[in-house]
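Since the structure comes first, as structure tokens, the remarks are kept for the end.
Laboratory data are not the source of any read-out in this text; all were calculated from the coordinates shown. As the structure is a computational prediction, the values presented were derived from the model and not from experiment. Counting neighbours? That spans all protein chains shown, and the Cβs are built from the backbone with ideal geometry, glycine included.
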Amino acid sequence: MLKRIFFTTLFLACICLICIPAEMAISGVASPLAGQFVVVDPGHGGYDPGAVRGGVLEKEINLQIALKLKKYLEETGARVILTRCGDYNLAVAGLHKREAHRYDLSKRLEMMRQSNACLFVSIHANCMYSRTSGGPEVFYHQQSEDGKMLAECIQEELRSIPGVRKRLCKTSNYYVLHNAGKPAVLVEVGFISNPSERKRLTGDEYQNLLCQRISWGIMKFRVLQQLESR
């Protein structure tokens, strides 16, 4: 019971920290992300547009949201590394198709290892043949308990967005999740194949809301990690 009370108080204090400098503390509680490296990975880029629907390119949405998420996380004291900051990917000249794609992904993970980041968050947008599928969903690797906890924390916050379709997090064997070696998730922020959701995903207001909830989920995960290590 005492542990539950402590966690609730600690998490609420950490949420308050989102809007103030990380060096400050609320009720003696410092941000659980202060000084921690976090890798945010805007999926696709360059020659690889990702999914394309209604003139909207997935790679552009991914980057826009990743840049906003970087700001939200930095306000909590995190030190954020973006795997790309513009319209490019990390493949080198001479590589093609699957080989280029695999090289690109491996270089993104290399950035995480070199920085000794505490976690990895890849941003993508979903796409289906159906025009009615909607809602954000978070993927993790089935063999990663920390990845599962991170995914559940983020998914819970995304489900709290008013009007959003309430999906559950899922397992996947995506290369970046299987090979991360650290808590890693892939966040599908919504479906660009759904016309109404595509419109929301291209707007600053909804993008900021997504980033707020993703950052809250990451903070909750870090608090839980700290509790488990006690």
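Values for this structure:
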{"item": "Of Ala184, Ala34, Ala125, the one that fluctuates the most in a GNM where the chain has Cα springs shorter than 10 Å", "result": "Ala34"}
{"item": "Principal-axis tilt of helix 97-115 within the chain, Cα atoms, nearest 10 degrees", "result": "20 degrees"}
{"item": "Taking Ser229, Ser193 and counting other C-beta atoms within 10 Å, the order from fewest to most", "result": "Ser229, Ser193"}
{"item": "Computed FRET value (nearest 0.05) for Gln142 with Leu95, which takes r as the C-beta separation and R₀ as 35 Å", "result": "0.75"}
{"item": "Spacing of the two label points (7 Å from each Cα toward its C-beta) at Glu74 and Tyr47, in nm", "result": "3.2 nm"}
{"item": "Efficiency of FRET from Cβ geometry, Cys85 and Ser196, R₀ 41 Å, rounded to 0.05", "result": "0.85"}
{"item": "Helix-only [θ]222 nm of the chain, DSSP H runs n ≥ 4, -39500 (n - 2.57) each, per residue, nearest 500", "result": "-14500 deg cm²/dmol"}
{"item": "Identified option (computed Cα extents along the principal axes in Å; candidates [x] 57, 41, 24; [y] 54, 39, 32; [z] 80, 33, 30)", "result": "[y]"}
{"item": "Distance between segment 166-202 and segment 82-113 - C-alpha centres, whole angstrom", "result": "19 Å"}
{"item": "Pairs beyond 27 Å (Cα-Cα), from Lys97/Lys199; Lys97/Lys148; Lys97/Lys166; Lys107/Lys182; Lys70/Lys97", "result": "Lys97/Lys199; Lys97/Lys148; Lys97/Lys166; Lys70/Lys97"}
{"item": "Whole-number percent relative contact order across the chain, with pairs defined as alpha carbons under 8 Å at least 6 apart", "result": "23 percent"}
{"item": "For the chain, built as a Gaussian network whose Cα springs stay under 10 Å, the top-fluctuating residue of Gly163, Gly94, Gly50", "result": "Gly94"}
{"item": "Burial ordering of Tyr175, Tyr129, fewest other beta-carbon atoms within 10 Å first", "result": "Tyr129, Tyr175"}
{"item": "Degrees, to the nearest 10: 204-228 long Cα axis against longest axis of the chain", "result": "50 degrees"}
{"item": "DSSP bridge pairs, the chain: antiparallel proportion in percent, nearest 5", "result": "30 percent"}
{"item": "Protection-proxy order for peptides 70-78, 196-204, 133-141, each taking the mean of Cβ atoms within 10 Å per residue, highest first", "result": "133-141, 70-78, 196-204"}
